[in-house]
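The values are calculated or read from the model by the stated rules, or taken from the named source; none is laboratory data. What you see is a predicted model, and the numbers here were worked out from it, not measured in a lab. Virtual Cβ from ideal backbone geometry, glycine too; neighbours counted across all protein chains shown.
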Amino acid sequence: MRTVAMTRLGRWLARLSVLALGIVVFAPLVTTHAQQAKKLYRIGVLSEGLAPTAGTAAGGPRPLFGEDTWRTAFRQRGYVEGQNIIFEFRHAGEHFERLPELADELARAKVDVIIAATTPTALAAKRMTGIIPIITISADPIGAKLVASLARPGGNVTGLFVPWSDLSAKGLQLLRDAVPDLDKVAILWNPLNQTAHVGSQYVESAAKTMGIGTQRIEMRRQEDLDQISKAIMATRVRGLIAVLDLVTIRAAPSIAQLAAKHRLPGFHAYREFADAGGLMSYGFTEPGLAEATVEYADRVLRGARPADLPMEQPMRNEFVLNLKTAKMLGLKIPPSLLGRASHVIE
């Protein structure tokens, strides 16, 4: 009897040992899973533009890729601010020389990823860190030496390849479709921006092919509009192309008013130009670009390496046509052009 009792006791102790071992093995797994579920990602956003409060105080237009744009894009992918994500925003206030300092702040804050939506901000961030993933929107990522190639970036930078320079040349063709007898256009461009310089050259090349004369007019800052107005009067141009740049983006509504003052059909790649009374705009939408950028960030946060994520060109774009302005200018928009518009302002 004693032998039987000892055998039963041994079996019971063995089962207890297995159960205890299971608890010991399972407990770390539960803890690890809980830690992963509670992971709070820190997102750095480096901007060359104005902070929201500064933009409001200046009475200017809403900043391009402002804080709310990024909050919305991350929210759409299931991130909840304060629960699984927090933001570190840094704005240079249109002072490019501050970008290195602000990029260094983000690197020291040990953010999990840096959103740098322009080539200058991405370059500043890359100079400060070769480890933290950087997601950008760039017109020339290879020329700027942000990546080794579009297919295999090879470093800590990836994101969207957006050929901004092509958009202005495309705009000239659209403008010609709306104004068949267009013979000379003013090209507003910022000589301080290499991408804008390339864009202005694209417009000139396209204009030469179409037999349209051009007059390049520099726009380094918004305060140049008075001088630009005088230059337009002196050159007697019959159309206006604003080459995409931070300066022309911020001044888009003012450029639209300038075009209206001189009764010029105008083009800008930024939609706010058409919304403010410009004849037309054609380009990728801000929300669409932000969503695509955040998709890259999401993949990186889930474990993907920037070096292995090809830089892709977004396919969505928007052609906005302002018929109110067309009527004011006495233009009869061809049905073929009207049918291509994704949005018509009447």
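Below are the figures for this structure:
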read-out	value
The lone exception for residue 45 - which of (1) touching a Leu at 6+ places or on another chain (Cβ under 8 Å); (2) at pLDDT 95 or above; (3) within 26 Å of residue 192 (Cβ to Cβ) it fails	(1)
All positions within segment 209-243 that are touching a His at 6+ places or on another chain (Cβ under 8 Å) and assigned to a helix (DSSP H, G or I)	229, 232, 233
Helices (runs of 4 or more DSSP H) completely within segment 92-208 that count 3 or more residues being surrounded by 18 or more Cβ atoms within 10 Å (Cβ to Cβ) and among the small types (Gly, Ala, Ser)	119-128, 164-178
One residue from 98, 108, 90 being basic (Lys, Arg) and under 17 Å from the mean Cα position of the chain (by Cα)	90
Test for residue 72: is it of a type outside the set (D, E, K, R), buried (at least 17 other Cβ atoms within 10 Å of the Cβ) and under 16 Å from the mean Cα position of the chain (by Cα)	no
Residue within segment 134-145 that is over 17 Å from the mean Cα position of the chain (by Cα) and closer than 21 Å to residue 244 by Cβ present	yes
Any helices (runs of 4 or more DSSP H) falling wholly within segment 274-346 and containing at least 1 residues that are more than 22 Å from residue 182 (Cα to Cα)	286-301
Any chance residue 148 is closer than 21 Å to residue 283 by Cβ, in the same structural domain as residue 290 (by TED's automatic domain parsing) and modelled with pLDDT of 95 or more	no
All positions within segment 254-272 that are of a type in the set (Gly, Ala, Ser), under 17 Å from residue 236 (Cα atoms) and not in a helix (DSSP H, G or I)	266
Pairs, first free of Cβ contacts under 8 Å to residues at least 40 places away in the same chain and closer than 20 Å to residue 50 by Cα in segment 81-110, second assigned to a helix (DSSP H, G or I) and among the aromatic types (Phe, Trp, Tyr), C-beta under 9 Å, six or more apart	none
Of all residues making up segment 254-291, the number that are surrounded by fewer than 18 Cβ atoms within 10 Å (Cβ to Cβ) and under 22 Å from residue 48 (Cβ atoms)	4
